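Here is the structure we will look at, set down as structure tokens.
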Amino acid sequence: MVPCNYFLFLFSYIFFCQIVTNTYYLMVFFFFFQAEDGIRDAQESRGLGDVYKRQINAEYGTTTASMHRLVSAAPASGMRFLPNKGVRALASSSFDQRLAGLRAQALVGGGDARIAKQHAAGKLTARERVELLLDGGSFREHDQLVEHRCSDFGMEKTKVSGDGVVGGLGTINGRPVYVFSQDFSVFGGSVSETHAAKICKLMDKALLTKVPVIGLLDSGGARIQEGVASLSAYGEIFMRNVNASGVIPQLSLIMGPCAGGAVYSPAITDFVLAVQNTSHMFLTGPDVVKTVTGEDVTLEELGGADTHAKTSGVVHLALANEVEALSTMRRLFDFLPLSNQQKTVHRASTDPRDRAEESLNTVVPADSSTPYNMKTVISKVVDDADFMEIMPSFAKNVLVGFGRMEGRSVGIMANQPMELAGCLDINSSVKAARFVRFCDSFNIPLISFVDVPGFLPGVNQEHGGVIRHGAKLLYAWSEATVPKISVITRKAYGGAYLVTGAKMLRTDMNYAWPSAEVAVMGADGAANIIFRGDEELEAKKADYIDRFANPLVAAQRGYIEDIIEPATTRRRICEDLEMLQNKKVLSESRKHGNIPL
């Protein structure tokens, strides 16, 4: 007989198994219907995503803010079901539209109205200037999307991509150059913290890669709304100008206003070009001048291109218009190396070194008091008569500029007998000294054509410091370690002869034409002093002139290498430059010399 407890246990076991089985089936059915609901919801969500995309196009168009406006307007329940891939596609499309809008804004700067105003004033836009300066299609812009960070005086409501300066890398005749161009249509080209940061970043890259920098300046000065931050920004630019000096060429082109502290950046650079009638440089404007001194002066009189090219010497070249200025900048750039680590720039030349220029044999007049044009001599010697004069309107009694000898760039310094008889004075000494130092910094050989009767006498010169300023030229020529060649065409008198390339100042090759006179002073004046009161004054004077009014004594003492026929000058210089191209000078160890500034 089976115990009762056994049947109770069996019944309980069967009942438990039935519960488990039923529970399993219920769970299967539950998950099946949940999955079906999920599929249906996913299908609905795709349709909802299409609805919202159509809403963007219909209600919001293709504006850069469409994504943000849609998120705030759409129901949360609807947005929750948007698949991740759809969200990314929607965000990507909106971002592309926003980015395109910012780039388009950067391209037009301050807008069509301000561009039209710029054109009406005879000025190109910042981008047009860059395009004309550089080789076509070579410009690669940097930091196009930079915006200022100022939030004072409502500035946060007026932001323009680029912040008023266009900068980047391009080429001029295939050679790299960094360039920045200030945009007057954006906040008047004023310099903000970010505006300056763009320029500084570009200059840092130029210094790192040893590539020149060209600045196209058109700015109202510091951005007043940013206060001391703007002044600090200028200081950052100045520091980079100083660090780059003598390492990479720095060129400035003034194409509009450049006032206040802003003038110091181009003043530090190697060459400053300016456009006539539209460019102005000054520390204090006409209104301030009138208030302080009572002087009534116009913008052009105070700081125009011609004023600085002729009177102050701040501007090296003043050009008639912007197209000519940009073309001249390209020409100047072609003479210069990329950095102080590069040897002399060389390009192919078909002008033979042995070309004899017979006209040079008669270019110097027989009468030593008769002037002649030294530019004629220079053009007959250099390749293809191509001489680019620098500072032609300032201190005209000295010529400085660039030419080529057998395709290699050379720096030329020469006295100009047609102006003040070629005498040196304060301005001409400073002009020549700075040019010599530039050439020496960038490995450009120096050629000096000498016809100098001395330093210009006068109370104004002495009181103005002609001794100190003349010493600058002496120091610069002595310090230069590049190949140095001197050719005396006529007068070489006194201390002025020494500072223009005498043998004693480490000039490598010194030549004299037969018409040269090397002496403390003119033979006639010297004879009058030496033989004063002598009854045979005239006879002794004639004898003195015959003996000393020529380069023979200098040649006999080794102060000149040779007395040459003028027609052979080009050949001599070309041969010497070839011989001297590997010249090296070991200088005394020192931090730097103390030039009499």
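The values are calculated or read from the model by the stated rules, or taken from the named source; none is laboratory data. Note that the structure is predicted; figures quoted are calculated from it, not measured. Every residue, glycine as well, gets a Cβ built from its backbone with ideal geometry; the counts of neighbours run over all protein chains shown. In case anyone asks, the SASA skips ligands and DNA or RNA and just uses the protein heavy atoms, side chains included. Shrake-Rupley method; radii C 1.70, N 1.55, O 1.52, S 1.80 Å.
A few points about this structure:
- Qualifying residues in region 101-137 (those that are under 24 Å from the mean Cα position of the chain (by Cα) and of a type in the set (Asp, Glu)) - the one least open to solvent (accessible area, probe 1.4 Å): Asp135
- Every residue from region 199-221 that is acidic (Asp, Glu) and under 22 Å from Glu322 (Cα atoms): Asp218
- Qualifying residue in region 402-413 (condition: crowded, with 19+ Cβ neighbours inside 10 Å and over 21 Å from Gln581 (Cβ atoms)): no
- Ala567 being within 22 Å of Val452 (Cβ to Cβ), among the small types (Gly, Ala, Ser), in contact (Cβ under 8 Å) with a residue 24 or more places away in the chain and open to solvent by less than 70 Å² (accessible area, probe 1.4 Å): no
- Here is the figure for region 497-527: residues that are within 36 Å of the chain's Cα centre (by Cα), part of a strand (DSSP E or B) and free of Cβ contacts under 8 Å to residues at least 60 places away in the same chain total 1.
- Checked against (1) free of Cβ contacts under 8 Å to residues at least 60 places away in the same chain; (2) among the β-branched types (Val, Ile, Thr); (3) in contact with a strand residue (DSSP E or B) (Cβ under 7 Å, 6 or more places away or on another chain); (4) over 30 Å from Ile248 (Cβ atoms), Val487 meets all criteria but (1).
- For region 540-564, the candidate set comprises residues that are under 22 Å from Lys484 (Cα atoms) and not hydrophobic (A, V, I, L, M, F, W, C); within that set, the residue that is least open to solvent (accessible area, probe 1.4 Å) is Pro551.
- Total residues in region 193-216 satisfying the condition of being outside any helix (DSSP H, G or I) and open to solvent by less than 40 Å² (accessible area, probe 1.4 Å): the figure is 6.
- The set of residues in region 355-368 being of a type in the set (A, V, I, L, M, F, W, C) and either modelled with pLDDT of 95 or more or surrounded by 12 or more Cβ atoms within 10 Å (Cβ to Cβ) (or both) consists of Ala356, Leu360, Val363, Val364.
- Just so you know, in region 374-401 the residues that are part of a loop (DSSP other than H, G, I, E, B) and not small (Gly, Ala, Ser) include one that is surrounded by the most Cβ atoms within 10 Å (Cβ to Cβ), and it is Met391.
- Members of region 118-142 found to be of a type outside the set (Gly, Ala, Ser), in a helix (DSSP H, G or I) and in contact (Cβ under 8 Å) with a residue 24 or more places away in the chain, listed by number: Gln118, Arg127, Arg129, Val130, Leu132, Leu133
- Thr344 meets all of the listed conditions (1) in contact with a strand residue (DSSP E or B) (Cβ under 6 Å, 6 or more places away or on another chain); (2) closer than 30 Å to Gln461 by Cβ; (3) among the β-branched types (Val, Ile, Thr) but one, namely (2).
- Some residue of region 235-249 being of a type in the set (D, E, K, R), under 18 Å from the mean Cα position of the chain (by Cα) and open to solvent by less than 40 Å² (accessible area, probe 1.4 Å): no
- The lone exception for Ser219 - which of (1) assigned to a loop (DSSP other than H, G, I, E, B); (2) surrounded by fewer than 22 Cβ atoms within 10 Å (Cβ to Cβ) it fails: (2)
- Of Leu597, Leu586, Leu537, all but one fail to be under 30 Å from the mean Cα position of the chain (by Cα) and surrounded by fewer than 16 Cβ atoms within 10 Å (Cβ to Cβ); the exception is Leu597.
- Residue identified as of a type outside the set (Val, Ile, Thr), over 17 Å from Ile573 (Cα atoms), open to solvent by 30 Å² or more (accessible area, probe 1.4 Å) and assigned to a loop (DSSP other than H, G, I, E, B) among Pro417, Pro371, Pro352: Pro371
- When Gly162, Gly167 are checked against the criterion of being assigned to a loop (DSSP other than H, G, I, E, B) and small (Gly, Ala, Ser), a single residue qualifies: Gly162.
- Of all residues in region 447-475 being aliphatic (A, V, I, L, M) and surrounded by fewer than 24 Cβ atoms within 10 Å (Cβ to Cβ), the one that is nearest to Ala549 (Cα to Cα): Leu456
- In region 268-288, the qualifying residues are those that are at pLDDT 95 or above and open to solvent by 20 Å² or more (accessible area, probe 1.4 Å), and the one that is nearest to the chain's Cα centre (by Cα) is Ile268.
- Close pairs (6 angstrom Cβ cut-off, 6 or more residues apart or separate chains): of a type in the set (Gly, Ala, Ser) in region 422-438, buried (at least 21 other Cβ atoms within 10 Å of the Cβ) and modelled with pLDDT under 95 anywhere: none
- Of all residues making up region 476-496, the number that are under 35 Å from the mean Cα position of the chain (by Cα) and open to solvent by 20 Å² or more (accessible area, probe 1.4 Å): 3
- Matching residues, region 446-490, being hydrophobic (A, V, I, L, M, F, W, C) and in a helix (DSSP H, G or I): Val459, Val466, Ile467, Ala471, Leu473, Leu474, Ala476, Trp477
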